[in-house]
Amino acid sequence: PPAPPGPAVPGPPTPQQAPPPHHAAALPGGSVPSSTPLAGEADDTPSRAHFTGWLDALEHGVPAGRVLDVGCAAGLFLDVARGRGWQIQGVEISEHAAAVARERRGIEVIVGDVMDVSLPAQGFDAVTMLDVLEHIIDPGTLLDRARTLVRPRGALMLVLPNDRNLTKMAAMTA
C-alpha cells in the first residue's frame, strides 16, 4: 500500500530561487530579510505615509517622471509613486513578493537580480533602493549598475536603516 501523504519536503533551490551571489542571503547562514510584510498590512496607512515622505524628498530634486525601485518587495512604494504621477517599474528577487505586487496592486514587477535583468540605459529619472543596500555584499557594484540606469541629472535615492540615530539612542536611554 502507498505511504500516507506527509508534509512536503522542499527540494534544493533552483537557480531562480537561489539568492544572487552578491546578496547577503548567499552567505553561509544568510537569509532573505522578511521585514516587509509581503501580504500587506490590513491598514497600510502608516507605511503609505512613510513612503509619501520619501517621495516628497525625492521630488525636491527631480520632478515626477519614470522611477525604478530596486528591491521593490510587494510594490507599496511604487503604488504610492504611481498615485503621484510617476511611471513605475520595479525589480524584486522574490517571486512571491512580485506576485503580491501584481495581484494586490496591479504592478508588473521584473523578477530577478537588477544586475542581470534587461533595463534601458539612462532610462529612469529616479532609481530608488529603500532598505536594500545593507543586504548587499558588494554595494559598489550595485551602485555602479544604478548609475547606468538613471538619466543625467536624475536622482538615486538610497534609504538605509540607522539604529544609531539620535532619536533611537535617546529612546534607549530613557
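Taking amide H as placed 1.01 Å from N in the peptide plane, the amide H of ILE107 sits under 5 Å from that of ARG102, each at least 5 places away or on another chain.
How do 73-80, 90-97 rank on mean C-beta neighbours within 10 Å, highest first?
On the way: 73-80: 25.0, 90-97: 20.9.
By packing density, highest mean first, the sequence is 73-80, 90-97.
Taking 0.36 nm per residue of separation and subtracting the Cα-Cα distance, what length does fully extending GLN87 through THR141 add?
Stretched out fully, the GLN87 to THR141 stretch lengthens by 16.9 nm.
Full-extension gain between GLU103 and ASP131, please, as 0.36 nm times their residue separation minus the C-alpha to C-alpha distance. Intermediate values should be presented prior to the final figure.
Working: separation 28, 0.36 × 28 = 10.08 nm, distance 2.29 nm.
Full-extension gain reported as 7.8 nm.
Compared with the alpha-carbon gap, the fully stretched path from TRP54 to GLU95 is longer by 12.2 nm at 0.36 nm per residue. When the trypsin sites (Lys or Arg not before Pro) in region 107-158 are filtered for DSSP coil states and for at most 13 other beta-carbon atoms within 10 Å of their beta-carbon, no site remains.
Bear in mind that the values in this text are calculations on the coordinates, not laboratory data. Treat the numbers as computed from the prediction; the structure is a model and nothing was measured. Glycine also receives a Cβ, built like all others from the backbone with ideal geometry; neighbour counts cover every protein chain displayed.
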